[in-house]
Amino acid sequence: MLDIGCGDGKVTAEIATYLKAGIVVGIDSSEEMISLANEKFPSDAYPNLSFLYQDARKLSFYQKFDVVFSNAVLHWVLDHRPVLKGIYRILKPSGQVVVQMGGKGNASKVVEAVNEIIKKVEWKKYFKNFSFPYGFYAPEEYEPRLQEAGFVVVSLELKPKDMIHENEEKFKGWFRTTWLPYLHRIPIEAREKFINAITEKYLQINSPDQKGEIHTGIQRLEFVARKQKLTPMSFSGCRLRFAPSLPVK
């Protein structure tokens, strides 16, 4: 099994404990995360587990895995075509890909608050030529991409969920670790002020509940797709027939 976007390897390692007969490989485009994963889950303690630095758009394997898995990662990629083609290539015949990622409309109220703040004079200078950095798709947009890559779609749906932040500081912590394409544009010394401005704007529209918890509506695009089995080549529904070998003179 391959885990795309394994991060620190925690989930990948847990999967490996259930998969006694096969191997599990985790990949990530962050060298820091791969170093951390290898440190936390060394090969001598997890002999069926390994971690590699690799970009999801440039997968280097070929028909190696029965299952490809990815959780809350692929929305960081805008163009999924090279990712899906790569996944198809590395799967064995009849292999499956199982993915959960942000979908269309994900955290839309947060996006509204962010868009309001980055238009303000204090911040707009940091967002010249900036475009929305996430690939959030609807099922009807995504199904043609899966089919184009060669997959048979088993299931594909958009699932709304309620993300609950215990308090204002927890909300800020989530923004701090998740909305990096925005934060990386802001000088380090101004980032907390930016996060505070986003939080204040968001809470003007979405007040905490009676417990003081802050709710964020998110959308998850989840799908399972299968690589088709290889079948004998045919024309007009008839199998190709090859003439018997001629004797060598």
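Computed from the coordinates by the stated procedures, all read-outs in this text should not be read as laboratory data. Here the structure is a predicted model, which is why all the values come from computation and not from measurement.
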- Message: Using Cα-Cα distances under 8 Å and only pairs 6 or more residues apart, what relative contact order does the chain have, in percent?
- Response: 21
- Cα-based Rg and Dmax for the stretch 120-185, in Å, come out at 17.4, 49
- Interchain or sequence-distant (5+) residues whose placed amide H lies within less than 5 Å of the amide H of C6 are I27, D28
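Which entries in the list K119/K201; K159/K211; K170/K201; K20/K85; K64/K227 go over 19 Å, if you measure between the two C-alpha atoms of each? If you can, show how the numbers build up before the last one.
Values: K119/K201 13 Å; K159/K211 25 Å; K170/K201 16 Å; K20/K85 28 Å; K64/K227 13 Å.
Correct reply: K159/K211; K20/K85.
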- Item | Amide H contacts under 5 Å for R220, placed H, 5+ residues apart | G103, K159, K161
- Rounded to the nearest 10 degrees, what's the angle between the helix 168-178 long axis and the longest principal axis of the chain, both from Cα atoms, 0 to 90? 40
- Message: To check my understanding: the extent here is largest minus smallest coordinate of the Cα atoms along each principal axis. What are those three numbers for the chain, in Å, largest first?
- Response: 86, 48, 37
